[in-house]
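A short worksheet on the structure shown next.
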Amino acid sequence: MIKRLRRPAGSTLLPDGLPMISLQGLGISPGVVIARASLAHERPLPHIEPTPTQRTVEAERERLDQAITLTLKQLRKLRSKLDALPEEGRIEIDALLSVYERMLSHSRLVRAAHRRLTEDGLTAESAVQLESDVLAAQAGPQPGMPEEEIEGARRREGEFREVARRLLRNLTGVSFRAFSDIPGGSALLAEQIRPADAAVIDPNRIAAVVSEGGGVTDHTAIMLRALNVPAVLAVPDLLTHVSDGSLVIVDGSTGRVTVHPDSATLASAREAMAEEARERKGIGRLRRLPSRLLSGEDIELLANVEIPNELPLLHRNGATGIGLLRTEFLFDESAPLPDEDGQYAVYARIVTEMAGMNTTIRVLDWGGEKGLARLRQLGIDDHQEEENPALGVRGLRLLLRHPEILETQLCALLRASLDGPVRILLPMVSSVNEVIATRQIFERCARRLRRRGVRLPAELPPLGVMIETPAAALTAGALVMQADFLALGTNDLTMYTLAVDRAASMGSALYTTLHPAVLRLLRFSVDEGLRARRSVCVCGEIAADPHAVPLLIGMGLRSFSMSAASLPQVKRMVRSLTIEACDDLYRRAILTEDPVQLHEMVSQFAA
Ligand code: PEP
Ligand code: MG
């Protein structure tokens with residue numbers, strides 16, 4: 001566990017006495033830090049000669065091969081340092097290093113650079129530069145590209161540029177910058193921080209990171225979050241305003257960087273740091289405490305996970321399993337669709353990292369507002385004629401129309417169930433026939449795998465149903481006969497019950513899960529689930545609302561799954577409740593017909 005370097009509040013850093021400058025970037029890793037700036041400049045490359053003056057083609061080929069070998073060696077060395085990183089960073093950088101390694105081994109880049117040496121008589125530097133520019137431009141954002149694909153395209157473009165940068169430094173002998181000589185406790189400021197740089201940053205020495213380039217979702221940002229280093233990226237003109245040794249306040253939550261802060265600003269930053277320290281201490285203590293009511297009943301607190309990078313936070317905040325792993329992230333950018341082996345590798349890694357805790361994985365929930373552009377791209381056109389895709393072919397309905405997608409995912413999940421306790425969840429169910437059909441496919445997949453010689457657990461993993469439609473809620477009695485567990489998807493259930501679009505109206509008064517109609521559907525589902533002795537978990541957003549949790553406990557729920565970040569506040573609430581008080585609240589709430597009254601009752605209870 002990396003210990004985060006923190007200057008104590010009231011440290012001796014004094015104002016510079018220069019005019020204060022406030023800069024705004026993207027806050028990508030939270031935390032407030034007061035520190036002296038340490039600027040890390042990268043030495044520029046020399047001018048690249050297009051053609052060799054003295055060397056032969058053969059010599060250039062050899063230089064290129066040597067640079068590739070050296071770069072691969074450096075990447076291997078970097079990989080050997082990964083063990084010191086937290087899991088999240090390790091996964092991220094490991095995958096990235098593999099991408100770089102592939103680009104250096106018989107790749108298009110290497111083949112084309114060699115061809116340019118022979119056919120155009122270029123220098124190795126110039127061949128690498130030209131060819132990587134072409135490939136980066138092809139991989140990068142294209143005109144008319146759908147919004148959701150741009151981020152990924154930028155990332156791939158960056159990967160080509162990074163490999164070229166490494167090759168060019170090795171070809172020209174201009175060294176990489178080292179962060180090891182940066183004074184301990186400084187804020188590292190640079191034009192650009194690359195993911196591989198982030199991997200060698202020592203969070204015990206570097207108090208914060210700020211750069212002119214970068215974005216919220218790029219590899220660097222993910223790495224810095226994993227390292228738990230407060231960081232702000234994409235600060236325009238950063239280096240024109242800051243010099244080596246300037247006093248800076250970095251706020252990784254708001255993205256604000258204050259240069260030469262005055263005394264009042266310093267004082268409020270110190271207060272923010274003290275508050276953060278108190279909060280961290282509280283969460284650390286809370287994680288070790290049981291999630292138990294004052295009256296003794298245990299309440300299971302699980303995490304919803306959108307991308308595997310969230311796993312460290314899940315552990316830090318004390319989740320005891322995954323209640324909902326949304327698998328859409330796997331299908332987002334990959335073309336063609338991820339195959340069984342590719343999916344298995346991801347599930348197996350997650351399940352293994354959960355170390356024996358339940359991992360509930362939901363099959364692909366495309367349709368509605370999710371994945372429409374990608375569906376069109378793949379020629380899956382069930383949506384073409386739909387005016388309102390939220391009411392059409394989405395979730396399990398889509399998968400049953402395209403069973404090849406479902407079968408591949410189920411096979412991968414079945415294989416992963418040998419690595420740890422997996423539960424499989426079906427989204428957007430509206431009739432029992434869909435569950436029966438899915439179970440038949442599921443069993444067929446298991447038979448097929450066994451015929452292939454794949455070892456599976458003697459008992460297949462539980463198959464659960466999400467209650468997200470009024471139809472599913474009202475037929476929960478039939479569904480539990482076919483399903484092994486239920487998960488209450490209150491986000492969609494609220495939308496379909498109240499006829500309010502969740503995307504457009506989230507946060508508006510119209511869209512509220514605390515509505516008598518939704519509550520009754522939930523009660524109906526919980527009663528049916530518990531009567532059939534099935535486990536019932538709530539995994540919609542309401543599970544993260546500490547005010548609503550007492551009411552749901554009163555309804556009989558004992559399992560909640562939420563974003564990992566919300567877990568401490570829910571646990572705090574759970575530990576302050578008695579079952580009698582929850583039951584009493586629920587008995588009053590279920591009789592209430594008026595949503596406004598219901599809200600008042602719930603917030604008064606928690607106050
Ligand atoms: C839900 O609908 O409540 C749910 C958990 O699923 P999602 O938010 O992914 O649609
Ligand atoms: Mg849903």
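Quick one: if the Förster radius is 30 Å, what FRET efficiency do ARG520 and ASN388 give, using the C-beta to C-beta distance and rounding to 0.05? Efficiency computed from Cβ-Cβ geometry: 0.75. Modelled this way, with points 7 Å down the Cα-to-C-beta line, the labels at GLU147 and ALA355 are 4.0 nm from one another. Electrostatic bookkeeping for ASP594 treats Lys and Arg as +1 and Asp and Glu as -1; over the other residues with beta carbon under 14 Å from its beta carbon, the sum is 0. The portion of the accessible surface of the chain made up by carbon and sulfur, rounded to a whole percent, is 53 (1.4 Å probe; DNA, RNA and ligands excluded). Annotation: extensible slack from ALA59 through ALA458 equals 137.6 nm (criterion: 0.36 nm per residue apart, minus Cα-Cα distance).
Kindly count the pairs of lysines across the chain whose alpha carbons are less than 27 Å apart, treating pairs on different chains or eight or more residues apart as eligible.
Numbers: LYS3/LYS77; LYS3/LYS81; LYS3/LYS281; LYS3/LYS571; LYS73/LYS81; LYS281/LYS571.
The result is 6.
Averaging the sequence gap over all C-alpha pairs within less than 8 Å and six or more residues apart, then dividing by the number of residues, gives segment 225-381 a relative contact order of 15 percent. Note on segment 238-306 and segment 157-220: Cα centroid distance 24 Å, given to the nearest whole angstrom. Residues whose amide H comes within less than 5 Å of that of GLY392, counting only those at least five positions distant or on another chain, are GLY368 (H built at 1.01 Å from N in the peptide plane).
When shorter helices are ignored and each DSSP H run of at least 4 residues is given -39500 (n - 2.57), the per-residue value for the chain at 222 nm works out to -14500 deg cm²/dmol.
Other residues within the sphere of radius under 9 Å centred on the Cβ of PRO516, judged by their own Cβ, net out at -1 (K and R +1, D and E -1). For the pair GLN66 and ARG401, the difference between a 0.36 nm per residue extended length and the Cα-Cα distance amounts to 115.4 nm. Axis angle, to the nearest 10 degrees, between helix 57-80 and the longest C-alpha principal axis of the chain: 40 degrees. In terms of packing, defined here as the mean over residues of other Cβ atoms within 10 angstrom, the peptides 462-470, 105-113, 519-527 line up highest first as 462-470, 519-527, 105-113. What whole-number distance in Å separates the alpha-carbon centres of segment 514-533 and segment 12-52? Centre-to-centre distance over Cα atoms comes out at 55 Å.
Take the Cα of GLU600, step 7 Å toward its Cβ, do the same at ALA478, and the gap between the two points is 4.1 nm. So how tilted is helix 263-288 from the main axis of the chain? Cα-based, degrees 0 to 90, rounded to 10. The angle comes out at about 50 degrees.
Less than 5 angstrom separates the built amide H of ILE322 from those of ALA303, ASN358, THR359, THR360, all sequence-distant by 5 or more or on a different chain.
When each of the peptides 156-168, 351-363, 268-280 is scored by the mean number of other C-beta atoms lying within 10 Å of its residues, the order from highest to lowest reads 156-168, 351-363, 268-280.
Solvent exposure of the chain amounts to 44 Å² per residue of accessible area, where only protein heavy atoms count and the probe is 1.4 Å. You can think of it this way: the chain between LEU378 and HIS547 has 56.6 nm of extra reach, that is 0.36 nm per residue less the Cα-Cα gap.
Approximating the spin labels as points 7 Å out from Cα along Cα→Cβ, the ASP527-to-LEU510 distance works out to 3.1 nm.
The values are calculated or read from the model by the stated rules, or taken from the named source; none is laboratory data. Computed from a predicted structure; not experimentally measured. Quick reminder, even Gly has a Cβ in these numbers, built from the backbone with ideal geometry, and neighbours come from all protein chains shown. The protein model used for the area step is the full one, side chains on, heavy atoms only, and it has no ligands, DNA or RNA in it. Shrake-Rupley method; radii C 1.70, N 1.55, O 1.52, S 1.80 Å.
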